[in-house]
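Engineer: This is the structure I want to talk about, given as structure tokens.
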Amino acid sequence: MTRPRRLPWLEGDRRTYVISDKGGVLDRIADEAEVRLLDNADSLLRITGPMLDELRTQDEGKFACERLRESFTDAVSVAEARGERLRERS
């Protein structure tokens, strides 16, 4: 029996979704989404470092912090989902 997999994205109300489609289309989409989400987080960290050092307005800081929060939320979701899959294999 295939174990359910939590998808790496959250809906607006932080609701999660699971699938049992091992190797199927949704499983591959979830894999690709995880890679994109983590790549985005990495890029954002590199971009916002210098940006935060040179802030000129409070709005720029707020914008950078909001994007960082979104990115970290996505990265944590990916990490949790991968951790669940690792525990299932043990």
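The values are calculated or read from the model by the stated rules, or taken from the named source; none is laboratory data. Since the model is a prediction, treat every value here as computed from it, not as a measurement. Here the Cβ is made from the backbone with ideal geometry for all residues, glycine too, and neighbour counts use every protein chain on show. Just the protein is used for accessible areas: all its heavy atoms, side chains included, with ligands, DNA and RNA removed. Shrake-Rupley method; radii C 1.70, N 1.55, O 1.52, S 1.80 Å.
Engineer: Check whether at least one residue in the range 1-16 is touching a residue at least 24 places away in the same chain (Cβ under 8 Å) and open to solvent by 80 Å² or more (accessible area, probe 1.4 Å), and report yes or no.
Structural biologist: Yes: the range 1-16 contains one or more residues that are touching a residue at least 24 places away in the same chain (Cβ under 8 Å) and open to solvent by 80 Å² or more (accessible area, probe 1.4 Å).
Engineer: Scan the range 52-69 and give yes if some residue there is hydrophobic (A, V, I, L, M, F, W, C), in a helix (DSSP H, G or I) and exposed (fewer than 11 other Cβ atoms within 10 Å of the Cβ), otherwise no.
Structural biologist: From the range 52-69, those hydrophobic (A, V, I, L, M, F, W, C) are 52, 55, 63-65, 68; that's our starting set.
Within this subset, residues satisfying the condition of being in a helix (DSSP H, G or I) are 52, 63-65, 68.
Checking which are exposed (fewer than 11 other Cβ atoms within 10 Å of the Cβ) leaves us with none.
For the range 52-69, residues hydrophobic (A, V, I, L, M, F, W, C), in a helix (DSSP H, G or I) and exposed (fewer than 11 other Cβ atoms within 10 Å of the Cβ): absent.
Engineer: Follow-up question, since we're still on this one. Scan THR73, THR48 and give me the residue that is among the β-branched types (Val, Ile, Thr) and within 11 Å of the chain's Cα centre (by Cα). Let's see the steps before the verdict.
Structural biologist: On the way: THR48 fails: within 11 Å of the chain's Cα centre (by Cα).
Going through THR73, THR48 in turn, just one is among the β-branched types (Val, Ile, Thr) and within 11 Å of the chain's Cα centre (by Cα): THR73.
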